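Data block below; observations after.
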Amino acid sequence: MESLIKAVLEAGEHVKKGFSEVQDVQYKSAKDLVTRYDVETENILKKLIQPLYPEHTIVAEESSKGNEKPEKAIYIDPIDGTTNFVHSFPFTAISVGVYENDEAVAGVVYNPIMNELYSAEKGSGAWLNDEQISVSSNDDTKKSLVATGFPYSIVERECTNMLTMLGNILKSTRGIRRAGSAALDLCYTAKGVFDCYYEFNLRPWDVAGGICIVREAGGTVTGFDGVPHDITGNFIMASNGVIHGKMLDLIRCP
Ligand code: IPD
Ligand code: CA
Ligand code: CA
């Protein structure tokens, strides 16, 4: 774990360097941006991490399809929150998740701009830098702060469902935040800032790092069906566990 953290910290230096530069943006689709820093940081991470986990297959955003589910996998998002990175909004992170037999066994999420290193290993708690973190204990949805994200591409029906979910949640909670990094949304749920986070149409590398961190912080991570989250699944809800059932009811669409 120490070596994995060291690798992520080293790659973070590259992200930090790029954050203050004006980026030449390429488009994977109309809203899905990529910069040379996404590709270069991914290459740095792959080079440093593969020797640490020789039996694991690396599934990384800029060089993999993401449909594969190897028995032992390292999911890498070199810059989660590329739009934020391009616009100098400092909510952006490297995310690395280690999976074995469909189980999240370790996660590291690092925001090098704000010097926040989140990490967790199964059975060893969740950490922000040197401090152990835990989910909130709030059991009242009316007092809950909820995070979400909006997919880059969305079909009409999904858009209708998304607006229904937003309406239900706005009426029943303290408010909604869309900060632009799924990995950090999970970490902010793990440290009790958000009581709940949900999103759909994400890819494994967006969430793999944060899932272990939420669970080790005492939280719950499922799909929208309430079943433990599947890394290739389309839907994710993470929460403090206490309000999980109530939040699932709020986002259930006809
Ligand atoms: C994105 C972020 C965002 C989420 C998007 C993701 P990227 O990742 O996690 O919060 O809403 O759907 O694709 O493209 O910046 O790595
Ligand atoms: Ca991402
Ligand atoms: Ca990314």
| Just to be sure, is Val207 touching a Leu at 6+ places or on another chain (Cβ under 6 Å) and in a helix (DSSP H, G or I)? | no
| said: So for the range 45-59 (the condition being within 16 Å of ligand 2 (Cβ to nearest atom) and under 21 Å from Ser153 (Cβ atoms)), does at least one residue qualify? | reply: yes
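Considering only strands (runs of 3 or more DSSP E) fully contained in the range 104-181, which possess at least 1 residues that are closer than 14 Å to Tyr198 by Cα and more than 16 Å from ligand 3 (Cβ to nearest atom)? Show your work before the answer.
Working: elements: 116-121, 126-128, 131-133, 145-148, 175-177.
The qualifying strands (runs of 3 or more DSSP E) are 145-148, 175-177.
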| query | Just a yes or no: is a residue in the range 72-83 within 11 Å of ligand 2 (Cβ to nearest atom), closer than 23 Å to Arg215 by Cα, assigned by TED's automatic domain parsing to the domain that holds Trp127 and out of contact with any helix residue (DSSP H, G or I) (no Cβ under 6 Å at 6 or more places or on another chain)? | reply | yes
| Restricting the range 177-211 to residues that are within 12 Å of ligand 1 (Cβ to nearest atom) and among the polar types (S, T, N, Q), the residue that is surrounded by the fewest Cβ atoms within 10 Å (Cβ to Cβ) | Asn201
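Quick one: in the range 18-49, of everything that is β-branched (Val, Ile, Thr) and either under 12 Å from Ser63 (Cβ atoms) or at pLDDT 95 or above (or both), which residue is surrounded by the most Cβ atoms within 10 Å (Cβ to Cβ)? Step through it out loud before you land on a result.
Of all residues in the range 18-49, those β-branched (Val, Ile, Thr) come to 22, 25, 34-35, 39, 41, 44, 49.
With either under 12 Å from Ser63 (Cβ atoms) or at pLDDT 95 or above (or both) added as a condition, the list becomes 34, 39, 41, 44, 49.
On the way: Val34: 18, Val39: 17, Thr41: 26, Ile44: 20, Ile49: 22.
Step by step, filter the range 18-49, then rank; the result is Thr41.
Could you tell me whether Ala190 is under 29 Å from Glu68 (Cβ atoms), modelled with pLDDT of 95 or more and within 14 Å of ligand 3 (Cβ to nearest atom)?
Working: under 29 Å from Glu68 (Cβ atoms): yes; modelled with pLDDT of 95 or more: yes; within 14 Å of ligand 3 (Cβ to nearest atom): no.
So Ala190 fails the test.
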| query | Could you say whether any residue in the range 236-245 is surrounded by fewer than 22 Cβ atoms within 10 Å (Cβ to Cβ), in a helix (DSSP H, G or I) and touching a residue at least 40 places away in the same chain (Cβ under 8 Å)? | reply | yes
| Considering only residues of the range 195-224 that are touching a residue at least 40 places away in the same chain (Cβ under 8 Å), among the aromatic types (Phe, Trp, Tyr) and more than 14 Å from Val109 (Cβ to Cβ), which is nearest to ligand 3 (Cβ to nearest atom)? | Phe200
| query | What do you reckon, is Ala93 buried (at least 21 other Cβ atoms within 10 Å of the Cβ), more than 16 Å from ligand 3 (Cβ to nearest atom), at pLDDT 95 or above and not acidic (Asp, Glu)? | reply | no
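Only one of Ser20, Ser119, Ser64, Ser88 is among the polar types (S, T, N, Q) and within 16 Å of ligand 2 (Cβ to nearest atom). Can you tell me which?
Details: Ser20 fails: within 16 Å of ligand 2 (Cβ to nearest atom); Ser119 fails: within 16 Å of ligand 2 (Cβ to nearest atom); Ser88 fails: within 16 Å of ligand 2 (Cβ to nearest atom).
Residue meeting the stated conditions: Ser64.
The values are calculated or read from the model by the stated rules, or taken from the named source; none is laboratory data. Source: prediction; values computed, not measured. Positions of Cβ are generated from backbone atoms using ideal geometry, with glycine treated the same way; all protein chains shown enter the neighbour counts.
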